[in-house]
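Reading through the structure tokens given below for one structure.
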There are 2 protein chains.
Amino acid sequence: MNTFDPTIRSQRTLVPVDVSTVQDRVYQSLRLGLLKGEFLPGEQVSIRALAEVFGTSPMPVREAVARLIAERAIEQSGPRTLRVAPYLASDHENYIRVRMQLEGYAAERAASAPKNPALTDALRRHNDSIQEALEVRDFDAALAGNQAFHFELYRAGGYPQLLDIISTLWLRTGPIVASARKDEGLFYRIFNNGVQIHSNAIEAISQRDRAAARHAINLDIRSSHLSIRRFYQRASAESGH
Amino acid sequence: MNTFDPTIRSQRTLVPVDVSTVQDRVYQSLRLGLLKGEFLPGEQVSIRALAEVFGTSPMPVREAVARLIAERAIEQSGPRTLRVAPYLASDHENYIRVRMQLEGYAAERAASAPKNPALTDALRRHNDSIQEALEVRDFDAALAGNQAFHFELYRAGGYPQLLDIISTLWLRTGPIVASARKDEGLFYRIFNNGVQIHSNAIEAISQRDRAAARHAINLDIRSSHLSIRRFYQRASAESGH
DNA sequence: CCTTGAGATATGTGATCACACATCTCACAG
DNA sequence: CTGTGAGATGTGTGATCACATATCTCAAGG
């Protein structure tokens, strides 16, 4: 019997093999870790240590880190030292301004597209998941839900290139937002407030109101930014005495 | 005599040594080459070949290329092949839209800043250099002058983070714009038109007219984009028969 | 108890080697 | 003249080693 007989090919369960490289998988893993807040702003990272965690040689990690350096998610803080981008008040404020421009624009685009019930349903689902996560104090899930909501929205309105740029901005501000988990009350208020604002955004999109959509997203970004800035001001004041 | 006597320190001519790494210099060199149009869109690149040109081992080039891949200036077109990002009509159109958002915003910011004669002088100087370069058909110089004009403007209005993002967008569209040199007539018209628009932008900034500044920059971006799109349409039509 | 300095440790950087594999070259058979 | 296939060449990828040096440890001296 010829096992390669094409007439029985439908019986096969062969699936495309994974051709991705090790460095790609390391890169994606680090990226996700940064977005999930598994790294603190300013935290020092070591190529060899990461390689051990991933069970690879340092080589693929070096390449992945080189990419993250280009995206300003990791920076060289000294001659031979790497760290996650730290929180710097003025820098972060600037990133927030750029995010408002780009994400507001993406929201506008999503709102001006033809009505899409599947989109608004998905957005509502993501928003509900944030709410539910907050109630059981599952902050990881709340963070993930928030990210899913925003990216669903931007994917709808934006072209891939816009989404791509926004995602690198999230990569830079991700560890900073995630670090607010250290103050559970603050974190709860930020995202509880966000849920309300997201509802407004969904409403604006379902009504194809571009200005309202942009306004809602910008409010979401700015208000969480202000809370986080206060958080860091208080943190630095406490460590100052 | 104590050579470290601080009272004679002013006699020293010591200067900070260059602590940059090889991979940094390779990265900057490749970046500049891409912006100057020394690579064609879609052109295949080889790590080993570049290493030979730079006179280094392949190692630093690998890291530099990894960064450029993260910036989408270089892409992996196959299992073991790298190339400069090629021209794709729809992708390029999307980048142009994002550029209009960001660079228009930066122009607005520059126009709303306090009057700055040094800035308008510098802009005028850059614009004149484009004009002069066009007259002697020095297209490299025209390209450099155009880049200097835009970046001077964005540096004035934008914060470093905004400039940074814009520069990565130029990195992606750079080889495409530069490739228009192959049609000298087209290239001349694009930049001659640009000089006029730049004058309008300078006027808008000196009058602190935000809307006019944004409009001028957006017109500059869009009109050169349309010309380049026609150029590629014609090129693909010619190669098609 | 505090300061200092030498040794140990850990770091990124660069070079070199091994490997799997895609592509190209070119002689040979049809 | 055309198509084919084997060998040669070149590719990115990953691992390993060597090196200079920043940082940390901890004991000796003040």
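The values are calculated or read from the model by the stated rules, or taken from the named source; none is laboratory data. If you're wondering where the values come from, they're calculated on a predicted model, not measured in any experiment. Virtual Cβ from ideal backbone geometry, glycine too; neighbours counted across all protein chains shown. Side chains are part of the model used for accessible areas, which takes the heavy atoms of the whole protein and leaves out ligands, DNA and RNA. Shrake-Rupley method; radii C 1.70, N 1.55, O 1.52, S 1.80 Å.
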Please verify whether B:LEU50 is buried (at least 21 other Cβ atoms within 10 Å of the Cβ), within 12 Å of DNA strand D (Cβ to nearest atom) and farther than 30 Å from B:ALA212 by Cβ, treating the condition exactly as stated.
yes
Given (1) more than 16 Å from DNA strand D (Cβ to nearest atom); (2) within 11 Å of chain A (Cβ to nearest Cβ), number of the condition B:GLY78 does not satisfy
(1)
If I filter the range B:34-46 for residues that are within 12 Å of DNA strand C (Cβ to nearest atom) and within 21 Å of the chain's Cα centre (by Cα), do I get at least one hit?
yes
So B:ALA66 ticks every box in (1) modelled with pLDDT of 95 or more; (2) within 14 Å of DNA strand C (Cβ to nearest atom); (3) surrounded by fewer than 21 Cβ atoms within 10 Å (Cβ to Cβ) but one. Which box is left unticked?
(3)
Matching residues in the range A:1-33 - criterion: being modelled with pLDDT of 60 or more, away from DNA strand C (no atom under 16 Å from the Cβ) and in a helix (DSSP H, G or I)
A:ARG25, A:GLN28, A:SER29, A:ARG31, A:LEU32
Index of the failed condition, A:GLU135 passing every other in (1) farther than 26 Å from B:VAL98 by Cα; (2) within 10 Å of another protein chain (Cβ to nearest Cβ)
(2)
Can you pull out every residue in the range B:134-165 that is free of Cβ contacts under 8 Å to residues at least 12 places away in the same chain and farther than 12 Å from B:ALA107 by Cα?
B:GLU135, B:VAL136, B:ASP138, B:PRO160, B:GLN161, B:ASP164
Please identify the pairs in which a residue from the range B:57-70 that is at the interface with chain A (Cβ under 7 Å from one of its Cβ atoms) has its Cβ atom under 7 Å from the Cβ atom of a residue that is part of a helix (DSSP H, G or I) and more than 12 Å from DNA strand D (Cβ to nearest atom), counting only partners at least 6 apart or on another chain.
B:GLU63/B:GLN23; B:ARG67/A:ILE69; B:ARG67/A:ALA70; B:ARG67/B:TYR27; B:ALA70/A:ALA70
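Looking at the structure I just gave you, is A:PRO86 more than 10 Å from every other protein chain (Cβ to nearest Cβ) and within 16 Å of DNA strand D (Cβ to nearest atom)?
Yes; evaluated as a whole, the condition is true for this residue.
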Does the range B:106-116 include one or more residues that are more than 16 Å from DNA strand C (Cβ to nearest atom), under 24 Å from A:ALA70 (Cα atoms) and outside any loop (DSSP other than H, G, I, E, B)?
yes
Looking only at helices (runs of 4 or more DSSP H) that lie completely in the range B:128-241, which have at least 2 residues being within 30 Å of A:TRP170 (Cβ to Cβ) and within 16 Å of the chain's Cα centre (by Cα)?
B:139-157, B:160-178, B:210-238
Looking at the range B:92-130, which of its residues are away from chain A (no Cβ under 14 Å) and either open to solvent by 40 Å² or more (accessible area, probe 1.4 Å) or within 17 Å of B:ILE176 (Cβ to Cβ) (or both)?
B:PRO114, B:LYS115, B:ASN116, B:PRO117, B:ALA118, B:ASP121, B:ARG124, B:ARG125, B:HIS126, B:ASP128, B:SER129
Looking only at the range B:32-47, count every residue that is away from DNA strand D (no atom under 12 Å from the Cβ) and not charged (D, E, K, R) and tell me the total.
9
Among (1) in a helix (DSSP H, G or I); (2) in contact (Cβ under 8 Å) with a residue 12 or more places away in the chain, where does A:PRO86 come up short?
(1)
